[in-house]
1. By average Cβ neighbour count within 10 Å, what is the ranking of 10-18, 95-103 from highest down?
2. Taking a probe of 1.4 Å, how large is the accessible area per residue of the chain, in Å²?
3. Pairs Lys2/Lys22; Lys2/Lys144; Lys2/Lys133; Lys98/Lys144; Lys34/Lys76; Lys72/Lys98: which exceed 28 Å Cα-Cα?
4. Measure off, as a whole percent, the carbon and sulfur share of the 1.4 Å-probe accessible area of the range 1-117, all protein chains present.
5. Please work out the Kirkwood hydrodynamic radius for the chain, using every pair of different C-alpha atoms, and report it in angstroms with one decimal place.
6. If DNA, RNA and ligands are ignored and the probe is 1.4 Å, what is the ranking of His59, His121, His149 by accessible area, most exposed first?
7. When a/c is below 1.5 the answer is rounded, else prolate if a/b is larger than b/c, else oblate, so apply that to the range 76-124 with a ≥ b ≥ c taken from the square roots of the Cα gyration tensor eigenvalues.
Amino acid sequence: MKKEHRVVAFCGICCDDCFGRKGKIADLARELRKELRAAHFEFFAAAMAAVPQFEPLAHYPQCYEALGSIDKLRCKKLCRDGGCTPLCAIRTCARAKKLDGCWQCGEFEACEKLTPLAVTHGDAIVRNLRRIKRNGLDAFLTGKREWMHIAPKKKSETK
């Protein structure tokens, strides 16, 4: 496998597209928490929550905690180097089959190991794998890649 191809995870996600790898969102969450602490915003939020238009500020402690979780969404390693999920079943399977990625497996369309990724990526995984299988890694890295693809809701589902 070419060095530049190593950024493509076994599942077909490009690690360079991952916000955990980029770190910007985690950095912003950390900075916001720092600013909120410095301003003692918890006291302001508690007081303002009594004002009807600012009632959602009653949930400030959960918001602050969520920012802490976002700060932890960091990944310094590529998938191929053990990044993301350390005990990834997809990586384990691909390595056991001596595959560069799931796109080389004839079973990826129905593979249950990919199913948990649908929660965060929708059907982007299968769409990427099809694209890689059809066009190769070079074309994938220079062309269209998907991080998340959620099918639009039908009109009957939006009512």
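The values are calculated or read from the model by the stated rules, or taken from the named source; none is laboratory data. If you're wondering where the values come from, they're calculated on a predicted model, not measured in any experiment. Neighbour counts run over all protein chains shown; Cβ positions are idealised from the backbone, glycine included. The area values use the complete protein model at the heavy-atom level, side chains included, leaving out ligands, DNA and RNA. Shrake-Rupley method; radii C 1.70, N 1.55, O 1.52, S 1.80 Å.
1. 10-18, 95-103
2. Solvent-accessible surface per residue comes out at 68 Å².
3. With Cα atoms farther than 28 Å apart: Lys72/Lys98.
4. Here carbon and sulfur together make up 61 percent of the probe-accessible area.
5. After inverting the mean inverse Cα-Cα distance, the result is 18.3 Å.
6. These residues rank, largest area first, as His59, His149, His121.
7. oblate
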